[in-house]
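Take a look at the structure set out below.
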Amino acid sequence: VNVRSPRYSRLAERVKSVSVVDPRTVVIELIKPDASFLPTLATLGIVPEHVLAGVQPEQLITDPFGLSSAVGTGPFMLKQWVRGEQIVFERNPQYYRGTPQVAQYTYKVVGSMDELVAGLQDGLIDWAVVDAAQAGAVPAIDGVSIQSLPGFELVMVVLQLDSSKSELFIDPRVRQALLLALDRQAMVDQIWHGQAEVARGTQPPASWAAGPASIEYSYDPQQAARLLDEAGWQIGPDGVRRREGQRLSFRLVATGADPTRRALATWLQRQWAEIGIEVQLELEQWSDVRRRATETRDFDALLLGVRWDLDPDQSTVWSSDSIFDGLNMGHYTNAELDAVLAQAVATTNREERLAHYRQAQEIVLKDLPALPLSFPKVTVLWSDRIEAPPLTATALRLRYGVEQWRLRL
């Protein structure tokens, strides 16, 4: 387990014991029933004991195993790694699902969209996943299609609810006003050029638990202004709202090197200014944003994307026990939600779980510890030279079935 990862550290916390049955079988006993455990565990690779037995988790980030070599059981084996250029794999003839159809698989690193387009045009690149917001910049290329797939990422603004750090968002009327002030359909059209969906809930479109919510926050700046008035925030002489001498002003942290995040942060700043809220942008490197999100929690509001697991359990973000070792970045607590999330993983009955997750979604939308903005689509540039099973976000994420891909000659 990577101890630097809240997601995987919490996965390890659920394990009571691990025992070996035979060379091909292990038994993992959990502390309590957890329906999300196996789907989450399935996204982890099996690591070789003979290579890593003496390596501590905190050493993996610098160990040669993760930097220049790899031993695994997948359909392809590492052949060459030229840093900053490409990684070349050759097929594994002993792969348990059968020998891959292609002899070699190469990951190429490109420095720009222009370089990617040139590679597709020249036939040097056969497929790529691109930022959904940048898909509009891709010209028409003979023999290459653009596929948009429902994904797992939720782009949101996390609000600081730890009163020792900020009290601006403690009043739920302020949180509701922030979301009502956003024309999220216009946001999807302008920022993602239609390659995203407005996030009207928390479960992503690719999840089996996705579904409509009864609580709706349609664009209504007049209602947003009324809520702020009711909460005591009145327009000041400079156009910024004030209450008891305090300005309604906060810092929004976002990744500055990401053009989509930067554009979105600027768009949010303008939208909120229209109802008298001042936003100061703090555009930083992703490493600094990540540190604020998972370590220091030093922010008023945080713009980021969360890629949900394949299982619909969202405890690592919303449950109160995820404040200190999970991804509950804004210090959100709700005892009713904690109970619903616990009930959802205590059964393997999908219908029961679905009902729990619908209830959990309603609670989160009522409380708004974070402002759900959009679900970007997984946007794929795909050469018609490739024959493959139907694409899904899950298959691409795990490269599931890649051994069946083949090239038309």
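The values are calculated or read from the model by the stated rules, or taken from the named source; none is laboratory data. Please read these numbers as outputs of a predicted model, since none were measured by experiment. Glycine gets a Cβ as well: all are built from the backbone with ideal geometry, and neighbour counts include every protein chain shown.
Return yes when residue 149 is within 21 Å of the chain's Cα centre (by Cα) and within 20 Å of residue 323 (Cα to Cα) and no when it is not.
When the stated conditions are applied, residue 149 does not pass them.
Here are some residues: 297, 292, 242, 247. Which one is surrounded by fewer than 21 Cβ atoms within 10 Å (Cβ to Cβ), closer than 22 Å to residue 374 by Cβ, of a type in the set (D, E, K, R) and assigned by TED's automatic domain parsing to the domain that holds residue 212?
292
With respect to the numbered conditions (1) among the charged types (D, E, K, R); (2) out of contact with any helix residue (DSSP H, G or I) (no Cβ under 7 Å at 6 or more places or on another chain); (3) farther than 25 Å from residue 329 by Cα, which one is the sole condition not fulfilled by residue 241?
(2)
Give the range 88-105 a look and list any residue that's surrounded by 15 or more Cβ atoms within 10 Å (Cβ to Cβ), of a type in the set (S, T, N, Q) and under 12 Å from residue 78 (Cβ atoms), or say none.
The answer is 92, and nothing else.
Is it true that some residue in the range 154-164 is surrounded by 12 or more Cβ atoms within 10 Å (Cβ to Cβ), acidic (Asp, Glu) and not assigned by TED's automatic domain parsing to the domain that holds residue 193? Explain how you work it out, then say what you get.
From the range 154-164, those surrounded by 12 or more Cβ atoms within 10 Å (Cβ to Cβ) are 154-162; that's our starting set.
Checking which are acidic (Asp, Glu) leaves us with 162.
Next, only the ones that are not assigned by TED's automatic domain parsing to the domain that holds residue 193 stay: none.
No, the range 154-164 contains no residue that is surrounded by 12 or more Cβ atoms within 10 Å (Cβ to Cβ), acidic (Asp, Glu) and not assigned by TED's automatic domain parsing to the domain that holds residue 193.
Counting only residues that are of a type in the set (D, E, K, R) and touching a Gly at 6+ places or on another chain (Cβ under 7 Å), how many does the range 353-384 have?
As a first pass, look at the range 353-384 and keep what is of a type in the set (D, E, K, R): 353, 358, 362, 366-367, 377, 384.
Restricting the remaining residues to those that are touching a Gly at 6+ places or on another chain (Cβ under 7 Å) gives 358, 377, 384.
Within the range 353-384, residues that are of a type in the set (D, E, K, R) and touching a Gly at 6+ places or on another chain (Cβ under 7 Å) number 3.
Out of curiosity, is residue 302 crowded, with 17+ Cβ neighbours inside 10 Å, free of Cβ contacts under 8 Å to residues at least 40 places away in the same chain and in the same structural domain as residue 368 (by TED's automatic domain parsing)?
Working: crowded, with 17+ Cβ neighbours inside 10 Å: yes; free of Cβ contacts under 8 Å to residues at least 40 places away in the same chain: no; in the same structural domain as residue 368 (by TED's automatic domain parsing): yes.
No; evaluated as a whole, the condition is false for this residue.
Would you confirm, using the coordinates I've provided, whether residue 317 is within 19 Å of residue 11 (Cα to Cα) and in contact with a helix residue (DSSP H, G or I) (Cβ under 7 Å, 6 or more places away or on another chain)? Please lay out each step first, then the result.
Values: within 19 Å of residue 11 (Cα to Cα): yes; in contact with a helix residue (DSSP H, G or I) (Cβ under 7 Å, 6 or more places away or on another chain): no.
For residue 317, the condition - within 19 Å of residue 11 (Cα to Cα) and in contact with a helix residue (DSSP H, G or I) (Cβ under 7 Å, 6 or more places away or on another chain) - is not met.
Look through the range 250-264, keep the residues that are under 15 Å from residue 178 (Cβ atoms) and over 17 Å from the mean Cα position of the chain (by Cα), and return whichever of them is surrounded by the fewest Cβ atoms within 10 Å (Cβ to Cβ).
The qualifying residue surrounded by the fewest Cβ atoms within 10 Å (Cβ to Cβ) is 251.
Yes or no: the range 183-191 includes at least one residue that is surrounded by fewer than 20 Cβ atoms within 10 Å (Cβ to Cβ), modelled with pLDDT of 95 or more and more than 30 Å from residue 138 (Cα to Cα).
Among the residues of the range 183-191, not one is surrounded by fewer than 20 Cβ atoms within 10 Å (Cβ to Cβ), modelled with pLDDT of 95 or more and more than 30 Å from residue 138 (Cα to Cα), which makes the answer no.
Could you list all residues from the range 87-114 that are under 23 Å from residue 47 (Cα atoms) and either in a strand (DSSP E or B) or of a type in the set (Lys, Arg) (or both)?
Correct list: 87, 88, 89, 90, 91, 97, 104, 105, 106, 107.
State all residues of the range 305-325 that are closer than 18 Å to residue 372 by Cβ, surrounded by fewer than 22 Cβ atoms within 10 Å (Cβ to Cβ) and charged (D, E, K, R); if no residue qualifies, say none.
Quick first cut of the range 305-325, residues closer than 18 Å to residue 372 by Cβ only: 305-309, 312-319, 322.
Still in the running and surrounded by fewer than 22 Cβ atoms within 10 Å (Cβ to Cβ): 305-309, 322.
Scanning the range 305-325 gives 307, 309.
Might you let me know whether the range 49-69 holds any residue that is without any contact (Cβ under 8 Å) to a residue 24 or more places away in the chain, surrounded by 13 or more Cβ atoms within 10 Å (Cβ to Cβ) and assigned to a loop (DSSP other than H, G, I, E, B)?
Yes.
Looking at residue 276 and the list (1) in a loop (DSSP other than H, G, I, E, B); (2) under 20 Å from residue 330 (Cα atoms), which single condition is not satisfied?
Status for residue 276: all satisfied but (2).
Could you check the range 318-347 and list, in sequence order, the residues that are modelled with pLDDT under 95 and among the β-branched types (Val, Ile, Thr)?
Result: 323, single match.
For the range 9-28, which positions are among the hydrophobic types (A, V, I, L, M, F, W, C) and part of a strand (DSSP E or B)?
Matches in the range 9-28: 15, 18, 20, 21, 26, 27, 28.
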